[in-house]
Amino acid sequence: MNPDSLLQQPLFGIALSVICYSLALALYRKWSWLHPLFITSGLIIVFLLSADIPYEAYRKGGDMLVFFLGPATVALGIPLYKNARRIRSSLPSILGGITAGSVSALILSAAFVWSLGGSQELMVTMMPKSVTSPIALEISRQAGGIPELTAVLTVLTGLIGSMFGPGLLRLCGVHDDIALGTAIGTAAHGIGTARIIRDSELQGSVSGFAMGAAAIITSILFIPLYGLFR
């Protein structure tokens, strides 16, 4: 098969992602501080740049993998259902934490761009970075931001939150499963949730709930909070 025609097949993007993720897992087993998703992203970028392969060629397969994010996210409802009673008993404090975290993320992002003299477009682009990607992209698109840049910032936020969030919270004395899950789900959406569910099913279920609730709260509060910096 002609190499050019191979690049036009979705199989190329899928195979590259699987190979890079397998290598990243091997590195993670040797050095646990290396986040598999961070390494996978880096390997894919390096390979595409070094081989001079356009992103569009990879995207054909990458979009198929993105499709499965939906079922994977829905699967988070299983641990959420199993721990529904624990979550319900702490619902007021969980919702309070999610609201505080969502408001803080919006205001601090806007204040950061505003203080550095950034444009309104950049402010809109950066503000929703802490919520799950589909919601963040739609908020950015509807408000006049740059969805592509929002996607990058959202993924980086999730990666940084999953890599350093749990350790930083424990360093600050936060050890309760519900508090950890609330903080990570609010700040680092699905990537953070996938990280902490390996440590505790309760943390993962609370984080999944926080991720969904934060998306709703951010969507509602985005416009009035953005208006403070216009």
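The values are calculated or read from the model by the stated rules, or taken from the named source; none is laboratory data. Because the structure is predicted, anything quoted here is derived from the model rather than measured. Don't worry about glycine lacking a Cβ; one is built from the backbone with ideal geometry, like all the others, and counts go over all protein chains shown. Quick note on the areas: whole protein, heavy atoms, side chains included, nothing else; ligands and nucleic acids left out. Shrake-Rupley method; radii C 1.70, N 1.55, O 1.52, S 1.80 Å.
Annotation: extensible slack from residue 175 through residue 108 equals 21.6 nm (criterion: 0.36 nm per residue apart, minus Cα-Cα distance). Over the chain, dividing the summed -39,500 (n - 2.57) contributions of all DSSP H runs of at least 4 residues by the number of residues returns a 222 nm mean residue ellipticity of -26500 deg cm²/dmol. Stretching residue 59 away from residue 95 to a fully extended chain increases their span by 9.3 nm, per 0.36 nm per residue minus the current alpha-carbon distance. Using a probe radius of 1.4 angstrom, the carbon and sulfur fraction of the accessible surface of the chain is 70%.
Assuming R0 = 22 Å, what is the FRET efficiency of residue 33 and residue 156, from their Cβ-Cβ distance, to the nearest 0.05? Taking R0 as 22 Å, the efficiency between residue 33 and residue 156 is 0.80. Using θ = phi - 60° in the Karplus curve 6.51 cos²θ - 1.76 cosθ + 1.60, the 3J(HN,Hα) couplings for the stretch 60-65 round to 4, x, x, 5, 5, 5 Hz; x is entered for Gly and Pro. Which one of 137, 156, 103 is farthest out on the positive end of the charge dipole of the stretch 79-230, using unit charges on Cβ (Lys, Arg +1; Asp, Glu -1) and the Cα centre as origin? Highest projection toward the positive end goes to 103. Length gained on full extension, residue 223 to residue 142, computed as 0.36 nm times the residue gap minus the Cα-Cα distance: 28.1 nm. Over the chain, accessible surface divided per residue gives 56 Å², non-protein components excluded, 1.4 Å probe. For the stretch 153-163, the Karplus equation 6.51 cos²θ - 1.76 cosθ + 1.60, evaluated at θ = phi - 60°, returns couplings of 5, 5, 5, 4, 4, x, 5, 5, x, 6, 6 Hz by residue, with Gly and Pro reported as x. For a straight C-alpha distance cut-off of 29 angstrom, the lysines reachable from residue 60 (same-chain residues fewer than eight places away being disregarded) are 129. Surface listing: 209, 67, 222 arranged by accessible area from highest to lowest gives 67, 209, 222, probe 1.4 Å. Of the trypsin sites (Lys or Arg not before Pro) found in the stretch 154-223, the ones in coil according to DSSP and having at most 11 other Cβ atoms within 10 Å of their Cβ are 198. Placing +1 on the Cβ of every Lys and Arg and -1 on the Cβ of every Asp and Glu, with nothing else charged, gives the chain a dipole about its Cα centre of roughly 600 debye.
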